[in-house]
1. When region 121-143 is examined, which residues are found to be within 12 Å of His192 (Cα to Cα) and either open to solvent by less than 30 Å² (accessible area, probe 1.4 Å) or outside any helix (DSSP H, G or I) (or both)?
2. Within region 186-201, is there a residue that is at pLDDT 90 or above and at positive phi?
3. Quick one: which residue in Thr67, Thr26 is at pLDDT 70 or above and outside any loop (DSSP other than H, G, I, E, B)?
4. Return yes when Thr121 is over 16 Å from Gln178 (Cβ atoms) and either at pLDDT 90 or above or basic (Lys, Arg) (or both) and no when it is not.
5. Restricting to region 115-132, what's the tally of residues that are within 15 Å of the chain's Cα centre (by Cα) and within 17 Å of Arg88 (Cβ to Cβ)?
6. For region 87-110, does any single residue satisfy the condition of being at pLDDT 90 or above and either of a type outside the set (Phe, Trp, Tyr) or open to solvent by 80 Å² or more (accessible area, probe 1.4 Å) (or both)?
7. Is there a residue being out of contact with any helix residue (DSSP H, G or I) (no Cβ under 9 Å at 6 or more places or on another chain), among the aliphatic types (A, V, I, L, M) and over 14 Å from Arg88 (Cα atoms) anywhere in region 135-144?
Amino acid sequence: LESGQQPTETFETIGREAVSIGPGDTGHHTFSVVPQSTGDVIYRGWGKLETGPRVTTEMTIDTTPATRAWGDAVELANGLNVTVANPRFRGGYPPATTQSSMNGSMTAPGIQYALIDVTVTNTTDTAIALPSREAFRLGSGQTIHAPVSIRDDATGVYPTEPSAVAGGQTTSGTIGYQVESTIATESIQVVHQAVSETNSQSWQARWQSSP
């Protein structure tokens, strides 16, 4: 089984099975796949008898982002399980133990910080690059917010971000956004979108209240 994103239609093999079918018989096999792309995706299956030409069939499916409630995991196509949880707001930075000049620093009037916790588990046995913070966008109404740098609640310093997660391991962190002070938790959603290193396809997932 192969998949390809329109309009490029560059196909990648996502599964291969050997099925034995006797003369005059009918064979049936089911593939379970994680859609790697949103929009129109072509799934192409092909078979070949011991003698004779290769027979190919295609179908096009309009895929939509996986939608989850806060705290639920989404399995990405590259073997990472990603969870976005605990959406919350704060008006400014907490006291900074190592940056006293920034103690009590507040945002501008009418602005607050939205914070989310992101947990990533590598389900494979090899290290995988972590998704960039920029791949997580917060939406509220028609407005899309990019992440901003935030300091650690305990130390008041900007944390160092790891670049990868080892096979079988889990890492977590917090991402922040500057948003309007009128926004409530029930009205926001976080969308993750990334690009596959192997075939430039993208996948997408969304977290929100009551999906």
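The values are calculated or read from the model by the stated rules, or taken from the named source; none is laboratory data. Worth saying up front: this structure is predicted, and the values here are computed from it rather than measured. Here Cβ is always computed from backbone atoms with ideal geometry, including for glycine, and neighbour counts include all displayed protein chains. With ligands, DNA and RNA removed, areas are computed over all heavy atoms of the protein, side chains included. Shrake-Rupley method; radii C 1.70, N 1.55, O 1.52, S 1.80 Å.
1. The first filter runs over region 121-143 and keeps only residues within 12 Å of His192 (Cα to Cα), leaving 131-139.
Answer for region 121-143, where residues must be within 12 Å of His192 (Cα to Cα) and either open to solvent by less than 30 Å² (accessible area, probe 1.4 Å) or outside any helix (DSSP H, G or I) (or both): Pro131, Ser132, Ala135, Phe136, Arg137, Leu138, Gly139.
2. Checked region 186-201: no residue is at pLDDT 90 or above and at positive phi.
3. Values: Thr26 fails: outside any loop (DSSP other than H, G, I, E, B).
Answer to the selection: Thr67.
4. Details: over 16 Å from Gln178 (Cβ atoms): yes; either at pLDDT 90 or above or basic (Lys, Arg) (or both): yes.
Spelling it out, Thr121 is indeed over 16 Å from Gln178 (Cβ atoms) and either at pLDDT 90 or above or basic (Lys, Arg) (or both).
5. So the answer is 4.
6. yes
7. Among the residues of region 135-144, at least one is out of contact with any helix residue (DSSP H, G or I) (no Cβ under 9 Å at 6 or more places or on another chain), among the aliphatic types (A, V, I, L, M) and over 14 Å from Arg88 (Cα atoms), which makes the answer yes.
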